[in-house]
Amino acid sequence: MANYDVIVIGSGPGGYVAAIRCAQLGLKTACVEGRETLGGTCLNVGCIPSKALLHASHQLHEAEHNFAKMGLKGKSPSVDWKQMLSYKDDTIGQNTKGIEFLFKKNKIDWLKGWGSIPEKGKVKVGDEVHEAKNIIIATGSEVSTLPGVEIDEKTVVSSTGALELPKIPKKMVVIGAGVIGLELGSVYSRLGSEVTVVEFLDHITPGMDGEVQKQFQKLLKKQGLNFIMGAAVQSVETLKTKAKVNYKLRKDDSEETLDADVVLVATGRKPFTDGLGLDALGVKVSDRGQIETDDQWRTNVEGIYAIGDAIDGPMLAHKAEDEGMAAAEVIAGKHGHVNYGVIPGVIYTHPEVATVGQTEEQLKDAGRAYKVGKFSFMGNGRAKANFAGDGFVKLLADKETDRILGAHIIGPMAGDLIHEVCVAMEFGAAAEDLALTCHAHPTYSEAVREAALACGDGPIHS
Ligand code: FAD
Ligand code: NAI
């Protein structure tokens, strides 16, 4: 048994970042992790492996579609799937080992095994019980499936199974046009699968700006993804090596069936808190399974904090990280803070989609007077040279004060471009502040400036 100032349960982006910040602030810290490797969902079966496959498959797409136009001739590369998976696994390994190194550097003990909280101030791992003045729960989330759909990780897979399929399927049906469905659907579509996305709603990516949703779906269709919208999946039948997806169209209740070699279930995730002993401890959990906290990540039980996917808010790695740092600071007696109004969201398809702040629909619903500054990447020299003219930057600003309220970008490097708007929003900037900032030429970020100019006297290049 050992005594700690803090024990963090879970080593995903929330947990490992919390542990590092606790250690940096002079607290004796341990982190419990039940997986073989550190880094949680994100590093092992989420953000990192999916981005590796998106990168590799995008290179193939570029070779097939754009190389010849630039005078790069020769046969397009063929896919060595085993090697692509091993590149993905190497990438995971480098990242998870990186966290192990950071734990050693910061003198954080990795308590290997599944943790539970038998009572306040105690964490049990295997047969050992450790004492901790503070406990941070960062146990993340798991796949949430549908009634009538059983995931076997062979024919009917979650994102985890989709990241290690034995072969590239001929036909893939994706249930859910959310982030996972569109990212992994894009990967397999680029690698040659016939991908059909079945979505319950009439639009893709719920919660995103409507104009972005429309343009995004149009571009994905152009890339070969098929969409069946307004369709509620009722069940999936698995045959020997194939599956049948049964769905009902909401407009007329008609029942239809799709055949697939692989079905990817991407209908959301739910908090994972099994085995922690929260019931017995009396830790409050919402109807949706999220651990309830105050605005400083304290649960209702003294000395127990919770962060990341296990609590309310967007299920994003950087949101979990920010909460991890802030909770550590609160425990150390400092002022941890997260600005939930400025958390970017990015979809790493091609083009990328990035969003921060409020959407036009939200502003309308709130009855807020706003203005829109929009600029197409067609008017951006760098984008034209790089065959990346599809998409736009849309900036929303208060009609009276010009203060930036949101930004929605679909286009090249959108996931990086969004951050200048995030910084501007953190500083309470006006669109004019971005418009008056000199942007290097030729860069994609000039499109952000042009959108800001469009909130004022108008953009130059459109
Ligand atoms: P997790 O990363 O889920 O980590 C929790 C850890 O706790 C796990 O390792 C688990 O084994 C461990 N654990 C649980 N219970 C116990 C216990 N009792 N004892 C010991 N250990 C325990 N987000 C992004 O921002 N960008 C992306 O590009 C992105 N891509 C994604 C792609 C996919 C396919 C998926 C599935 C998710 C993706 N996400 C992405 C979401 C992101 O992975 C999560 O938001 C993030 O991992 C949440 O971090 P966390 O620390 O809360 O939990
Ligand atoms: P999601 O919530 O993004 O999308 C789920 C989709 O499934 C929705 O569009 C929903 O309407 C649809 N759906 C639900 N029930 C259905 C049914 N019966 N039939 C047809 N469609 C149905 O969830 P997803 O994609 O599984 O992602 C889970 C989480 O992982 C997200 O919260 C996301 O934040 C995170 N993530 C983030 C990434 C990123 O930041 N780039 C990448 C991947 C995941």
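Summary table below
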| item | result |
| --- | --- |
| Residue ID - nearest to residue 355 (Cα to Cα), chosen from residues in segment 314-343 that are of a type in the set (Gly, Ala, Ser) and in contact (Cβ under 8 Å) with a residue 60 or more places away in the chain | 341 |
| Checklist (1) in the same structural domain as residue 357 (by TED's automatic domain parsing); (2) farther than 30 Å from residue 61 by Cα applied to residue 381, failing item | (2) |
| So residue 26, is it open to solvent by less than 10 Å² (accessible area, probe 1.4 Å) and either within 16 Å of ligand 2 (Cβ to nearest atom) or assigned to a loop (DSSP other than H, G, I, E, B) (or both) | no |
| Residue identified as open to solvent by less than 50 Å² (accessible area, probe 1.4 Å) and near ligand 1 (Cβ under 8 Å from one of its atoms) among 44, 66 | 44 |
| Subset of segment 1-23 [polar (S, T, N, Q) and in a strand (DSSP E or B)] | 3 |
| Some residue of segment 86-96 being surrounded by 14 or more Cβ atoms within 10 Å (Cβ to Cβ), within 24 Å of residue 351 (Cα to Cα) and in contact (Cβ under 8 Å) with a residue 60 or more places away in the chain | yes |
| Scan of segment 169-194 for residues that are more than 16 Å from ligand 1 (Cβ to nearest atom), buried (at least 17 other Cβ atoms within 10 Å of the Cβ), farther than 17 Å from residue 230 by Cα and of a type outside the set (S, T, N, Q), ordered by number | 169, 171, 190, 191 |
| So residue 351, is it over 21 Å from residue 99 (Cβ atoms) and open to solvent by 40 Å² or more (accessible area, probe 1.4 Å) | no |
| Test: residue 377 is open to solvent by less than 10 Å² (accessible area, probe 1.4 Å), within 27 Å of the chain's Cα centre (by Cα) and at negative phi | yes |
| Among (1) open to solvent by 30 Å² or more (accessible area, probe 1.4 Å); (2) within 23 Å of the chain's Cα centre (by Cα); (3) more than 16 Å from ligand 2 (Cβ to nearest atom); (4) without any contact (Cβ under 8 Å) to a residue 60 or more places away in the chain - the single one residue 288 does not satisfy | (3) |
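The values are calculated or read from the model by the stated rules, or taken from the named source; none is laboratory data. Since this is a predicted model, take the numbers as computed values, not measurements. Quick reminder, even Gly has a Cβ in these numbers, built from the backbone with ideal geometry, and neighbours come from all protein chains shown. Remember, those area values only see protein heavy atoms, side chains included, never the ligands or the DNA or RNA. Shrake-Rupley method; radii C 1.70, N 1.55, O 1.52, S 1.80 Å.
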